[in-house]
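What follows is a single structure, written as structure tokens, with notes after it.
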Protein chains: 2
Amino acid sequence: MHTLQLTKPDGRSLTLYSRAPLEGIADAPSPFLEPLGRSPHLRRHPLRDEWITYAAYRQDRTFLPPPEYNPLAVTVDPAAPTELPQGAWDVAVFDNRFPSLAPGADEAPPSIVETAPGTGKCEVVVFTQDRLSSLGRLPLSHIELLLQVWADRTAKVGAGTDIQYVLPFENRGAEVGVTLHHPHGQIYAYPSVPPVPARMQQVAQAYYERTGRGVLQDHIAKEIEDAQRLVYRGEYAVVFVPAAARYPYEVWVATIDPVATFCDLSGPQRADLARALKTVLMKYDALWHRPFPYLMAWYQAPTDGRPHPESHLHAEFYPPYRTRERLKYLAGTEIAAGWFAMDALPEDKALELQQIHVDVDA
Amino acid sequence: MHTLQLTKPDGRSLTLYSRAPLEGIADAPSPFLEPLGRSPHLRRHPLRDEWITYAAYRQDRTFLPPPEYNPLAVTVDPAAPTELPQGAWDVAVFDNRFPSLAPGADEAPPSIVETAPGTGKCEVVVFTQDRLSSLGRLPLSHIELLLQVWADRTAKVGAGTDIQYVLPFENRGAEVGVTLHHPHGQIYAYPSVPPVPARMQQVAQAYYERTGRGVLQDHIAKEIEDAQRLVYRGEYAVVFVPAAARYPYEVWVATIDPVATFCDLSGPQRADLARALKTVLMKYDALWHRPFPYLMAWYQAPTDGRPHPESHLHAEFYPPYRTRERLKYLAGTEIAAGWFAMDALPEDKALELQQIHVDVDA
């Protein structure tokens, strides 16, 4: 992996990653020249005891680009800069111009609830220079590079003592609110472990203390033995519709043996994980012969400097459709109670994905 | 309050409620004649340690009504029965034909995860006979009756030893997935306290043990003193945009003094709570001169037979819009991390609602 780190005129960081050496790239462009003046702050929810970020300046976005303007394209005309330079890079990561969390955030304004500075980091991860491609259409070696990029970001961003959790994710499709269709994801780095991974850590820790094994490790062993819901089974990685799926086409992508973070993947594990990921993405898009929307989230161990033998790196995909035409809305019971209700059995949805044949080496 | 309980031909229960005596209603109609053959089951999520309901028969709905058919209208032609009879009822409650949870549910099929029968209850609450009305347009006395209905359902449904939590809610608007626009809500009764209220109970209990007071009680006292985000202030009830709102137009509706469940409301509290509720609903609809979509959830104490001095009945409204034209999508950070990010300050949204004047007595 070759990397090049640059600084944009407004002070934001840009890192370029590539499989081949990077040469002749000198400048990091930016559609913005002035540093952002304000910073986000946190308020604590009194009844749920969890943080909420307020980044009111996100409303200030006076920058109204024409519809054909793509800030994730490379800059062709220096008078109309985008976020990215020309050059032979494969993956690019830069600081979000309107971050929900930012390093060195100011003190929060006073409130009747507990407050804190909105410390953290929000990065944009551009998967490829080709705006018409998608994560699942990239070659395996490119997806492997992306797994290395996520490892590099986890190590670099997570090294900060004020960062406790690094979450790479992708929102894909207009159905989940995406307006910019150039293939990209995001990384959020949090000053404390957020509620959902905190809950998962708590469950995993209790299980590990009781059994000396990982809860996902044991679940994967059962999924492999049962085989009913398997979507991909490699030597080191696996994809399945989990027996307790909360979304109709939910899948989990994981190494078979526990690996705490992206940084702990061996070469063979990474290669097979790339293959697993590409397999399910190709199946998703082949299912209805159209780009399949989803939220993809990668859970890993907290970056708190402690060992986490209970953690097990994996992705969870939450697609918004329950059938080709019908969206699954999260409503009363899901949002208000946190109790999911499913019309579809995981076994039936797995069968649909199993019946699609794809060639990841083509 | 006058009530009449009837049984539908397929065995489901129907209860009619009214302010005036109910006479001459003998039959409970139903679009379905045969009892439902299958029942829901639960599976336990191994990583989150929470239940998910599977009600696969919901997909079986072979009943495909014409678009103008309204099952919540009263039956006019006995050959084309709806869910409701003619008569002078104001509010009606009946068992959902396709429940996510049902009394006496069968044993779950075997799985690699922990399973349980899908015990519980799902009810439909029809707010009025007028399909063109809405909760906020009903007279105060009608809304007071609805608060009594919720109390009656909490008492009756919650009396079952297999019911631990009763959650009344309303999904309003196509934006939150509602296809049936006749004014109605739902009640879900759960066999254990679901994750979100369980978390709130845990926080409230710890606070109560530490201080001898309610966490919402103290928060309301601060909101009243601060006054910045108040939307309604009555003698017994209050409405405000909470200082740590997670949705742009989120409001909470509550009694000022803690009341554990709907059953514990005094007459004056209930009357003022109805006024508070109507006020915010009228403001919502006046904001953009169109029906304002939302999820409304009523949190109350668990129905586990134990006293809950830490509990405080209240409604939380989660509207899907962040501006008149733009939806707030729950994406990576909200869904995957449980860490909400807000573009708007609660103080600004409260001001918008404060500036709207409505007359609830008109």
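The values are calculated or read from the model by the stated rules, or taken from the named source; none is laboratory data. Bear in mind the structure is a predicted one, so any value in this text is a computation, not a measurement. Cβ coordinates were reconstructed from backbone atoms using ideal geometry, including for glycine residues, and neighbour counts include every protein chain displayed.
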| Any strands (runs of 3 or more DSSP E) falling wholly within segment B:209-293 and containing at least 1 residues that are among the polar types (S, T, N, Q) | B:251-255
| remark: Filtering segment B:84-118 down to residues that are polar (S, T, N, Q) and within 13 Å of chain A (Cβ to nearest Cβ) yields B:Asn96, B:Ser100, B:Ser111, B:Thr115
| Scanning for something outside any loop (DSSP other than H, G, I, E, B), over 21 Å from the mean Cα position of the chain (by Cα) and within 22 Å of A:Ile335 (Cβ to Cβ), does segment B:304-322 turn up at least one residue? | no
| said: Taking the criterion of being surrounded by fewer than 21 Cβ atoms within 10 Å (Cβ to Cβ), closer than 20 Å to A:Val91 by Cβ and of a type in the set (Gly, Ala, Ser), would at least one residue in segment A:25-43 satisfy it? | reply: yes
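Is it true that some residue in segment A:70-79 is within 27 Å of A:Leu281 (Cα to Cα), hydrophobic (A, V, I, L, M, F, W, C), over 20 Å from the mean Cα position of the chain (by Cα) and part of a loop (DSSP other than H, G, I, E, B)? Talk me through it step by step, then tell me what you get.
So the first thing to find is which residues in segment A:70-79 are within 27 Å of A:Leu281 (Cα to Cα), and the list is A:70-74.
Narrowing the set further to residues that are hydrophobic (A, V, I, L, M, F, W, C) leaves A:72-74.
If we keep only those that are over 20 Å from the mean Cα position of the chain (by Cα) as well, we get A:73-74.
Filter once more, keeping what is part of a loop (DSSP other than H, G, I, E, B): A:73.
Yes, there is a match, as at least one residue in segment A:70-79 is within 27 Å of A:Leu281 (Cα to Cα), hydrophobic (A, V, I, L, M, F, W, C), over 20 Å from the mean Cα position of the chain (by Cα) and part of a loop (DSSP other than H, G, I, E, B).
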| field | Residues located in segment A:177-219, provided they are in contact with a strand residue (DSSP E or B) (Cβ under 6 Å, 6 or more places away or on another chain) and among the hydrophobic types (A, V, I, L, M, F, W, C) | value | A:Val178, A:Ile187, A:Ala189, A:Val193
| request: Report yes if A:Ala92 is crowded, with 21+ Cβ neighbours inside 10 Å, in the same structural domain as A:Asp130 (by TED's automatic domain parsing) and not in a loop (DSSP other than H, G, I, E, B), otherwise no. | output: yes
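Yes or no, residue by residue, for (1) in contact with an Asp or Glu (Cβ under 8 Å, 6 or more places away or on another chain); (2) closer than 30 Å to B:Tyr318 by Cα:
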{"position": "A:Pro268", "(1), (2)": "yes, no"}
{"position": "A:Ala271", "(1), (2)": "yes, no"}
{"position": "A:Tyr299", "(1), (2)": "yes, yes"}
{"position": "A:Ala344", "(1), (2)": "no, yes"}
| How many residues are closer than 24 Å to A:Ala151 by Cβ and under 22 Å from the mean Cα position of the chain (by Cα) when one looks only at segment A:232-259? | 15
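So which residues in segment A:1-21 are part of a loop (DSSP other than H, G, I, E, B) and surrounded by fewer than 16 Cβ atoms within 10 Å (Cβ to Cβ), if there are any at all? Lay out the reasoning, then the answer.
Applying the first criterion (part of a loop (DSSP other than H, G, I, E, B)) to segment A:1-21 yields A:1, A:8-12, A:19-21.
Those that are part of a loop (DSSP other than H, G, I, E, B) and surrounded by fewer than 16 Cβ atoms within 10 Å (Cβ to Cβ): A:Met1, A:Pro9, A:Asp10, A:Gly11, A:Ala20, A:Pro21.
Taking segment B:266-290 only, how many residues are out of contact with any Ser or Thr (no Cβ under 7 Å at 6 or more places or on another chain) and in contact (Cβ under 8 Å) with a residue 40 or more places away in the chain? Steps first, please.
Narrowing segment B:266-290 to residues out of contact with any Ser or Thr (no Cβ under 7 Å at 6 or more places or on another chain): B:266-268, B:270-272, B:274-290.
Checking which are in contact (Cβ under 8 Å) with a residue 40 or more places away in the chain leaves us with B:270-271, B:274-287.
The qualifying residues number 16.
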| Subset of segment B:339-357 (residues that are assigned to a loop (DSSP other than H, G, I, E, B) and surrounded by fewer than 18 Cβ atoms within 10 Å (Cβ to Cβ)) | B:Gln355, B:Ile356, B:His357
| Candidate set: segment A:321-350, residues that are at the interface with another protein chain (Cβ under 7 Å from one of its Cβ atoms) and small (Gly, Ala, Ser); chosen: the one nearest to B:Pro320 (Cα to Cα) | A:Ala331
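So which residues in segment A:202-213 are under 21 Å from A:Thr255 (Cβ atoms) and within 10 Å of chain B (Cβ to nearest Cβ)?
Just the residues of segment A:202-213 that are under 21 Å from A:Thr255 (Cβ atoms), to begin with: A:203-205, A:207-208, A:211-213.
Hits for segment A:202-213 are A:Val203, A:Ala204, A:Tyr207.
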| query | Do we have B:Pro195 as in contact (Cβ under 8 Å) with a residue 24 or more places away in the chain and over 27 Å from A:Leu42 (Cβ atoms) here? | reply | no
| request: Name the residue, out of A:Leu216, A:Leu273, that is within 8 Å of chain B (Cβ to nearest Cβ) and buried (at least 24 other Cβ atoms within 10 Å of the Cβ). | output: A:Leu216
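Can you tell which of A:Pro307, A:Pro293 is without any contact (Cβ under 8 Å) to a residue 60 or more places away in the chain and out of contact with any Leu (no Cβ under 7 Å at 6 or more places or on another chain)?
Working: A:Pro293 fails: without any contact (Cβ under 8 Å) to a residue 60 or more places away in the chain.
Selected residue: A:Pro307, the only one of A:Pro307, A:Pro293 that is without any contact (Cβ under 8 Å) to a residue 60 or more places away in the chain and out of contact with any Leu (no Cβ under 7 Å at 6 or more places or on another chain).
Quick one: in segment A:95-119, of everything that is small (Gly, Ala, Ser) and out of contact with any Pro (no Cβ under 7 Å at 6 or more places or on another chain), which residue is surrounded by the fewest Cβ atoms within 10 Å (Cβ to Cβ)?
So the first thing to find is which residues in segment A:95-119 are small (Gly, Ala, Ser), and the list is A:100, A:102, A:104-105, A:108, A:111, A:116, A:118.
Filter once more, keeping what is out of contact with any Pro (no Cβ under 7 Å at 6 or more places or on another chain): A:104, A:111, A:116.
Values: A:Gly104: 8, A:Ser111: 19, A:Ala116: 16.
Among those residues, the one meeting the criterion is A:Gly104.
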| Number of the exception - A:Val76 against (1) under 16 Å from B:Asp343 (Cα atoms); (2) of a type in the set (A, V, I, L, M, F, W, C); (3) at pLDDT 90 or above | (1)
| task | Within segment B:7-21, work out how many residues are of a type in the set (A, V, I, L, M, F, W, C) and within 15 Å of B:Val74 (Cα to Cα). | result | 2
| Options B:Ile163, B:Ile187, B:Ile143: the member that is under 30 Å from B:His289 (Cβ atoms), among the hydrophobic types (A, V, I, L, M, F, W, C) and more than 9 Å from chain A (Cβ to nearest Cβ) | B:Ile143
| field | Residue among B:Thr7, B:Thr3, B:Thr53, B:Thr15 that is within 14 Å of another protein chain (Cβ to nearest Cβ) and at pLDDT 95 or above | value | B:Thr53
| query | Restricting attention to segment B:276-304, and to residues there that are touching a Pro at 6+ places or on another chain (Cβ under 8 Å) and farther than 21 Å from B:Ser134 by Cβ, which single residue is surrounded by the most Cβ atoms within 10 Å (Cβ to Cβ)? | reply | B:Tyr299
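With the structure loaded, tell me whether A:Glu225 is surrounded by fewer than 22 Cβ atoms within 10 Å (Cβ to Cβ), at the interface with chain B (Cβ under 10 Å from one of its Cβ atoms) and charged (D, E, K, R) or whether it fails that test.
Working: surrounded by fewer than 22 Cβ atoms within 10 Å (Cβ to Cβ): yes; at the interface with chain B (Cβ under 10 Å from one of its Cβ atoms): yes; charged (D, E, K, R): yes.
Judged against the criteria, A:Glu225 is a match.
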